[in-house]
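One structure is given here, and the rest of the page talks about it.
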Amino acid sequence: MPKRKLNVALIGYQFMGKAHSNAYRQVARYFDIPVEPVMKVICGLNAEGAANAAARLGWEESSADWQQVVRRPDIDMVDICTPGHMHAPMAIAAAEAGKTVLCEKPLANSLAEAQAMLSAVTKAGVPHGICHNYRKVPAIALARQLIEEGRLGTIYHFRAAYLQDWIIEPSFPLVWRLQKELAGSGAHGDLNAHIIDLAHFLIGDIAEVCGHMVTFIKQRPKLAKAAGGLAATSSTAEMGEVTVDDATLFLARFENGAVGTFEATRFAQGRKNCNRFEINGSKGSLAFDLERMNELEFYSADDPAHAQGFRTILATEGVHPYVGAWWPPGHIIGYEHTFVHVLYDALTAIAEGRPISPNFEDGVRNQAVLEAVEVSAQERRWVSPGSLL
Ligand code: SOE
């Protein structure tokens, strides 16, 4: 029986646009899915850039007019991979046009925007998903399975850090991620959003937070519009204000009594994309580091005393989530495979008429924690995310 087709419009063709394009090309080749995505059109600010992206990434068409594209009758799903300030207008327009909406994290630049997006997709009755790709790492999906099996017992600690260092040089220019009006926040919304989502995925809801935000380098050289629209800095570049955090740390109390520490920074010299966590419970512990993404460290108090210690589980067996679709045991996978897993789960849910997981409801929960930390840092007090909803 011919597979149902789903015509996709992707908006954005930089890093996330590339990662999602690769996932659309691969998902039906490696996973048995009841609906096949068709890479119809890729949109961007710049017509020439979008046309080059379409040719390079495998899209049938390109456009510089996203408002027109989201209304096209032949488009079934809109996937948003733009800077955060465009998430809300694009998702709301797509929902009002009756399209399925997939959006990169964080859902929006504010809780109010995230709630407006959830209202729009709910009112329109369209499927909606948020791309939290780290839930789809086999070793992390295994961590959740072990917790659900009770292998850790009562959870006491969730300890997470997402460490990068790409802006540590003062000469690094004032890109969109360093401007609040475009990105909403800095390391906080970009990186804490990921570990907050993993906390929700692995531990549960967060009751209260207490945070601190810092900007180490407060001025950076502005990008000058060079010939052809490509941004560039020059030795005499004008300086501009950095209006977001370079690092944000916070404490958390979970509804289930566990405690958490969260750290997101772009100033961890030498750490390139180090997303790591450790969970400690009454019967065991788990530890994960994205720089060793196929491995999960597991300690079980049930092991006999003389044999207790952290063991390394190589999550590449057929019994582990997702990996059976790829390679034989031990043939590890990478960062790009997690986006294929996002699409596998989303497209299967769409075909089966189930809610995509995670979706805009998870995005709003995440945004409430992000915003509670910002309020806490400004007012120097503990804040409950629930009090902002
Ligand atoms: C930049 O910090 C970034 O690309 C994040 O935006 C992604 O979500 C993360 O997966 C990798 O780093």
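The values are calculated or read from the model by the stated rules, or taken from the named source; none is laboratory data. As the structure is a computational prediction, the values presented were derived from the model and not from experiment. Using ideal geometry, Cβ is built from the backbone for each residue, glycine included, and neighbour counts are taken over all protein chains shown. Just so you know, the surface numbers come from the protein's heavy atoms only, side chains and all, with ligands and any DNA or RNA stripped out. Shrake-Rupley method; radii C 1.70, N 1.55, O 1.52, S 1.80 Å.
If each Cα of the chain is one equal point scatterer, what is log10 of I(q)/I(0) from the Debye formula at q = 0.07, 0.08, 0.12 Å⁻¹?
Here log10 of I(q) over I(0) equals -0.32, -0.43, -0.99.
Working only with C-alpha atoms, what are the Rg and Dmax values of segment 15-86, expressed in angstrom?
Rg, Dmax (Cα atoms, Å): 12.3, 35.
Which lysines have a Cα lying under 16 Å from the Cα of Lys105, excluding residues fewer than 8 positions away in the same chain?
Those lysines meeting the cut-off are Lys18, Lys136, Lys180.
When the expected Rg is taken as 2.2 N^0.38 Å, what fraction or multiple of it is the alpha-carbon Rg of segment 334-389?
Values: Rg = 16.2 Å, N = 56, 2.2 N^0.38 = 10.2 Å.
With N residues counted in segment 334-389, Rg over 2.2 N^0.38 Å equals 1.59.
Antiparallel as a % of all DSSP beta bridges within segment 73-198, to the nearest 5?
Percent antiparallel among DSSP bridges in segment 73-198 is about 0.
In debye, nearest 20, what is the charge dipole magnitude of the chain about its Cα centre with +1 on Lys and Arg Cβ and -1 on Asp and Glu Cβ, if you could check? If you can, show how the numbers build up before the last one.
Details: 36 positive and 43 negative charges, 90 e Å.
That gives a dipole near 440 debye.
If a/c stays under 1.5 just call it rounded; otherwise compare a/b with b/c (prolate if a/b is bigger, oblate if not). Do that for segment 1-145, with a ≥ b ≥ c from the square roots of the Cα gyration tensor eigenvalues. Could you put the intermediate results ahead of the total?
Numbers: a/c = 1.30, a/b = 1.03, b/c = 1.27.
The shape class here is rounded.
What number, in percent, do you get for the relative contact order of the chain if the mean sequence gap of Cα pairs under 8 Å and at least 6 apart is divided by its residue count?
Rounded, it is 20 percent for the chain.
Grab the other residues whose beta carbon is less than 15 angstrom from that of His132, score K and R as +1, D and E as -1, and report the net. Walk me through the intermediate numbers first.
On the way: positive: Lys105, Arg135, Lys136, Arg144, Arg365; negative: Asp79, Glu104, Asp190, Asp197, Asp345, Glu361, Asp362.
Cβ neighbours under 15 Å give a net charge of -2.
Determine the share of segment 1-154's accessible area contributed by carbon and sulfur atoms, expressed in whole percent, with a 1.4 angstrom probe.
The computed percentage sits at 51.
With only alpha-carbon atoms in the gyration tensor, what are the semi-axes of the equivalent ellipsoid for segment 8-54, in Å, largest first?
Numbers: eigenvalues 100, 21, 10 Å².
With the √(5λ) rule applied to segment 8-54, the semi-axes are 22, 10, 7 Å.
Debye sum, Cα scatterers, segment 178-327, no solvent: what log₁₀ I/I(0) at q = 0.09, 0.15, 0.19 1/Å?
Debye intensities relative to I(0), on a log10 scale: -0.45, -0.96, -1.23.
Per the Cauchy relation, a quarter of the hull surface: what is the mean projected area of the convex hull of the alpha carbons in segment 114-221, in nm²? Before the final figure, lay out the partial values.
Details: hull surface 38.9 nm².
In nm², the orientation-averaged hull projection of segment 114-221 is 9.7.
Projecting each Cα onto the charge dipole of the chain (Lys/Arg +1, Asp/Glu -1 at the beta carbon, about the Cα centre), which of Gly153, Leu251, Phe339 comes out farthest on the positive side?
Phe339
Output the antiparallel fraction of DSSP beta bridges having both residues in the chain, as a percent to the nearest 5. Write out the running numbers ahead of the final one.
Working: 42 of 72 bridges.
Once the DSSP bridges in the chain are tallied, antiparallel ones form about 60 percent.
Taking all protein chains in place and a 1.4 Å probe, what share, in percent, of the accessible surface of segment 297-336 do carbon and sulfur account for? Kindly include the intermediate steps, with their values, before the conclusion.
Working: 1400 of 2340 Å².
For segment 297-336, the apolar C and S fraction of the accessible surface comes to 60 percent.
Which residue, chosen from Leu45, Asn22, Val70, occupies the Cα position most advanced towards the positive end of the dipole of segment 1-85, where the dipole is computed from +1 (Lys, Arg) and -1 (Asp, Glu) charges on Cβ about the Cα centre?
Asn22
Given a 1.4 angstrom probe, what's the average accessible area per residue across segment 1-154, in square angstrom?
On the way: 6240 Å² over 154 residues.
I get 40 Å² per residue for this part.
Rounded to two decimal places and with Rh computed the Kirkwood way over Cα pairs, what is Rg over Rh for segment 260-389? Working shown, then result.
On the way: Rg = 18.9 Å, Rh = 18.3 Å.
Reported Rg/Rh (Cα atoms, Kirkwood Rh): 1.03.
Ignoring everything except DSSP H segments at least 4 long, calculate the 222 nm mean residue ellipticity for the chain; use -39,500 (n - 2.57) per segment, divide by total residues, nearest 500. If you can, show how the numbers build up before the last one.
Details: 10 runs with 119 residues, N = 389.
Only helices count here, giving -9500 deg cm²/dmol.
What shape does segment 237-311 take by its C-alpha gyration tensor, where a ≥ b ≥ c are the square roots of the eigenvalues and a/c under 1.5 counts as rounded, a/b above b/c as prolate, and the rest as oblate? Could the numbers behind the result be given before it?
Details: a/c = 4.85, a/b = 2.00, b/c = 2.42.
Judged from the Cα gyration tensor, segment 237-311 comes out oblate (a/c at least 1.5, b/c at or above a/b).
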